[in-house]
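The values are calculated or read from the model by the stated rules, or taken from the named source; none is laboratory data. In this text, all values refer to a predicted model and were calculated from it rather than measured experimentally. As a convention, Cβ positions derive from the backbone with ideal geometry for all residues, glycine included, and neighbour counts pool all protein chains shown. Side chains included, ligands, DNA and RNA excluded: accessible areas come from the protein's heavy atoms. Shrake-Rupley method; radii C 1.70, N 1.55, O 1.52, S 1.80 Å.
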Amino acid sequence: MADVKKQEKDYTKEVDQLIPEAESIARSGKLQESLDKLFALEKQTRNASDLSSTVRLVKTVCQLTYDARDYALLNSSIGILSKKHGQLKGAIQAMVELSIGWLDEIKQRDGIEKWLELVETLRAITEGKIFLETPRARVTLLLSKYHEQLANSPNAKTPRESLQTASDLLSDLQVETYSSMERKEKTEFILEQMRLLIAVAKMKDESAAKDGKDSLADGDPEWTRVRVGSRKINEDFLKDPENRELKLRYYDMLIQHALHSSAYLDVAKYYHKIWETPTVKEDESGKGRVALEHMIYYVVLAPHDNEQSDMLYRLYNNPTLLKLELHYNLAKCFVTKELMRWPGIESLYGPHLRPTTIFSSDKIWEDLHTRVIEHNIRVIAEYYTRITLPRLTSLLDLTPQQAEEVLSRLVVSGTVWARIDRPAGVINFRQARSAEDVMNDWSSDMQKLLSLVEKAWMGVNAAQAAVGKMKA
């Protein structure tokens, strides 16, 4: 390929004369003779940097071979023309774009084999050419969808390999660096990459689970790449009303990623992003209700920390939640500093929550039980200075071993401070204070007291002065 240089000669008249003649020769059955004439003039127009004439000639070559249904000749002609010394970039782009337009028709009329041959030809031509990165990405997307269809077909012999191939084809494209591709199309490509990575990861996890291996290990590389891919998308761009569908797809995939690692707070935040979408929020009986319900479920399931507590209180104080009585009361249980007995929670909310797709999982139901226990321990630590282990276990409805395990986890995470005296069977929730701490607190209290006395004295003096003036 030659650099752009000044046109030396205009071959428009010669091209105008040759193209009808070549078409006539091709119709008479002498396709190769027709192409030879076109190739001869194409060399002259290419060497003279006559772009418009070269484009017309190469497109005519492709069109004649396509009309003759000679796909072997079409593929070879495209390859030969693209590799000509000093070939103009515009001519190659014109050939590729013209050929891409025929792909759907070839697939329906001539079968998948001819379609695959042309696709591979186009991918070979566009490889390594920056000015053809966008057409290459579009052709690769078509090939990826073909392999995905093979994986999903009932008679697929190697569905896992086909799906892996589809994912690898798209993942090799760094579309975020393509300057010639529009921002929306880039986002669609990245979302498609994420979707296929998630599909591969889930298939690997299922396979590992059947083999008795750790179900989180096999698909971990794909899950990691999903997270990396999500960072390539600008969330501010998704706020545009025109990109609403892309936004919903994006957060749906982030929810799947977060659920894989049991990051419940992230799931709640992603559902909150979905709920903030105007069309979703307005649908109070449909998508809006579902998003709000899921926000409550997952913020309750999330381990307690400042961020989780803040989000829970904001949702609890949201007037919209009042329309969902069950979910409002569930949030209220975790907001109120009162003990929740698990048998009561299970009997009250179990019939409503267990049939849902979320809490039908025994693991998630057990996670809810754990959050209830942790809430109860925080309440006990708030009101008790010391408590016996039997009393703690009775309040938590747990065995001593289970109570110690949960309490130890909260102490390690810094949620509560506690020390267990096993021989005495006593748990202390108040940290021993040094003499300096006591004196500092006493000094602070005395300063506050003296400040109040001073304010009162000044007020009395002012009142006495006012009374004296009135008597005078």
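Between the Cα long axis of helix 51-67 and the first principal axis of the chain there is an angle of about 80°, rounded to the nearest 10.
Can you tell me how region 268-320 classifies by the Cα gyration tensor, rounded, prolate or oblate, using a/c under 1.5 as the rounded cut? Prolate is the answer for region 268-320, as a/c is 1.5 or above and a/b outweighs b/c.
The residues packed around THR12, meaning those with a beta-carbon under 13 Å from its beta-carbon, carry a net charge of -1 if Lys and Arg are +1 and Asp and Glu are -1. Would you work out if region 214-300 is rounded, prolate or oblate? Take a ≥ b ≥ c from the square roots of the eigenvalues of the alpha-carbon gyration tensor; rounded if a/c is under 1.5, else prolate when a/b is larger than b/c, oblate otherwise. It is oblate, given that a/c is not under 1.5 and a/b is not larger than b/c. Checking the Cα-Cα distances for LYS84/LYS107; LYS6/LYS89; LYS89/LYS114; LYS59/LYS114; LYS184/LYS232 against a 23 Å cut-off, the pairs over it are LYS84/LYS107; LYS89/LYS114. Taking Rh as the Kirkwood radius computed over C-alpha pairs, what is the Stokes-Einstein D of the chain at 4 °C in a medium of viscosity 1.567 mPa s, expressed in µm² per second? D = 44 µm²/s. Seen from GLU21, the other residues with C-beta closer than 14 Å to its C-beta sum to a net charge of 0, counting Lys and Arg as +1 and Asp and Glu as -1. Applied to region 77-89, the Karplus parametrisation 6.51 cos²θ - 1.76 cosθ + 1.60 on θ = phi - 60° returns per-residue 3J(HN,Hα) values of 5, 4, x, 5, 5, 6, 9, 4, 5, x, 5, 7, 4 Hz, with x for Gly and Pro. Summary of packing: across the peptides 107-120, 78-91, the per-residue average of other C-beta atoms within 10 Å ranks them, highest first, as 78-91, 107-120.
Would you please name the trypsin sites (Lys or Arg not before Pro) within region 1-57 that are DSSP coil residues with at most 10 other C-beta atoms within 10 Å of their C-beta? Counting only loop positions with at most 10 other Cβ atoms within 10 Å, the trypsin sites (Lys or Arg not before Pro) in region 1-57 are LYS5, LYS6. Counted by Cβ distance under 13 Å from LEU368, the other residues give a net charge of -2, where Lys and Arg count +1 and Asp and Glu count -1. Per residue, the chain exposes 55 Å² of solvent-accessible protein surface, assessed with a 1.4 angstrom probe and all protein chains in place. Taking only protein heavy atoms and a 1.4 Å probe, the accessible area of region 371-472 is 58% carbon and sulfur. Here the dipole of region 274-395 is about 380 debye; that uses its Cα centre as origin and unit charges on the Cβ of Lys and Arg (positive) and Asp and Glu (negative).
Computed from Cα positions, the angle between helix 400-413 and the longest principal axis of the chain comes to roughly 70 degrees. When a 1.4 Å probe is rolled over the protein heavy atoms, the share of accessible surface on region 294-358 that falls to carbon and sulfur comes to 54 percent. Helix 435-471 and the longest principal axis of the C-alpha atoms of the chain enclose an angle of approximately 70°.
Working from Cα pairs under 8 Å separated by at least six residues, relative contact order for region 344-472 is 17 percent. Using a simple spin-label model with pseudo-atoms 7 Å out from Cα toward Cβ, SER207 and MET446 lie 7.5 nm apart.
An oblate overall shape is assigned to region 1-143, the ratio a/c of its alpha-carbon gyration tensor axes (a ≥ b ≥ c) being 1.5 or greater and a/b not exceeding b/c. Its residue count N fixes a reference of 2.2 N^0.38 Å for region 86-214, and the Cα radius of gyration divided by that reference is 1.19.
Counting only protein heavy atoms and a probe of 1.4 Å, the accessible surface of region 131-203 is 49% carbon and sulfur. On the basis of the beta-carbon distance and an R0 of 51 Å, LYS455 and ARG386 show a calculated FRET efficiency of 0.85. Structural descriptor for the chain: relative contact order 6 percent, calculated from alpha carbon pairs under 8 angstrom and at least 6 residues apart. Using the Stokes-Einstein relation with a Kirkwood hydrodynamic radius computed over Cα pairs, the translational diffusion coefficient of region 48-95 at 37 °C and a viscosity of 0.692 mPa s comes to 305 µm²/s.
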